[in-house]
1. Just wondering, is there one or more residues in segment 2-13 that are at pLDDT below 90 and surrounded by 23 or more Cβ atoms within 10 Å (Cβ to Cβ)?
2. Within segment 181-197, can you find the residues that are open to solvent by less than 50 Å² (accessible area, probe 1.4 Å), of a type outside the set (S, T, N, Q) and more than 15 Å from Ile165 (Cα to Cα)?
3. Provide a single number: the residues in segment 10-46 that are over 21 Å from Ser69 (Cα atoms) and either more than 25 Å from the chain's Cα centre (by Cα) or of a type in the set (Gly, Ala, Ser) (or both).
4. Here are the criteria: (1) over 16 Å from Tyr11 (Cβ atoms); (2) surrounded by fewer than 18 Cβ atoms within 10 Å (Cβ to Cβ). Tell me which single one Asp117 does not satisfy.
5. Please give the helices (runs of 4 or more DSSP H) falling wholly within segment 144-234 in which 1 or more residues are at pLDDT below 75.
Amino acid sequence: MKTITILLPAYNEEDSFGEIRQAMNQVLIDNPNYQWQFLIINDGSTDHTLEKAICLCNEDSHYHYLDLSRNYGKEIAIMAGIDHTQTDALIIMDADMQHPVSVIPEMIRYWEEGFDDVYAQRSASEESWLKRITSKAYYNILQCSTSIAIQKDTGDFRLLDRKCIEALKNMRETDRNNKGMFSWIGFKKKGIVYQQKKRMHGKTKWNFYTLLNLALNGITSFTTTPLRLASVFGIAVSAFAFLYLFYIIIKTIIFGDPVRGYPTIMVTILFLGGIQLIAIGIIGEYLSHIFNETKKRPGYFVREYK
């Protein structure tokens, strides 16, 4: 009998455990021909998430929990779950249960047909218009910056075959962009459509700042295109400046040039200064990644695993 793990990263999700138990029971009912494990990753929660996870493990042998030493963020929590997965396949879901378990049989069917990565794409969402627009822009920017096909409207909700699990285990960077990494490893992929459920308890941990930080880290950890764009833009601005300098010299020699043009000088200085600061900022982002990775620290520490 094939084995499948459902990975549930959780941060302050104590109120969602009723839905988690109900949803996982439904998984057992709908898919009786597989051996199931439910792995809850406690990502440094400050509420009673860990206590609820321990209770589930004591009551039902299908459940296991991994207690991280602090809050590392969802990307690292998923990394920790992947590292501790020993089954034939892995399904990643949000602990708030906005991902419907009703699509899992379809995921398994495509997996049995030979697909290694069956990812779920949102068909509809109750997110704000701003979040939808910025999310679309992020995926477009990420796709334009790489030749690797990036799946749009796709999060972490997916089924990964053992081959994908082992490939991801070999990728030890701590500044992670899981969505990009899922695409980078390749293998045979299949997309299915689902409708995201309404959150029943608690509130989202994502705000504009955390999403912006995730997007910037995701782009700079996955592609060097921003550095290349900074170089190209710098060359273009320098070429324009040299042409303008040549124009000023010719104009002065032929017509002479009284002392004037203060606004033009100030605009030019501010413009070039802004470009330089942007380029330095981009370089700084990449230097921060290099700084973090060259330390070669473990991505996380585990307090307890059961």
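1. So in segment 2-13, the residues at pLDDT below 90 come out as 2, 10-13.
Narrowing further to those that are surrounded by 23 or more Cβ atoms within 10 Å (Cβ to Cβ): 10, 13.
Within segment 2-13, one or more residues are at pLDDT below 90 and surrounded by 23 or more Cβ atoms within 10 Å (Cβ to Cβ).
2. Gly191, Ile192, Tyr194
3. 17
4. (2)
5. On the way: elements: 162-169, 178-184, 208-222.
Here the list reads 208-222.
The values are calculated or read from the model by the stated rules, or taken from the named source; none is laboratory data. What you see is a predicted model, and the numbers here were worked out from it, not measured in a lab. As a convention, Cβ positions derive from the backbone with ideal geometry for all residues, glycine included, and neighbour counts pool all protein chains shown. Remember, those area values only see protein heavy atoms, side chains included, never the ligands or the DNA or RNA. Shrake-Rupley method; radii C 1.70, N 1.55, O 1.52, S 1.80 Å.
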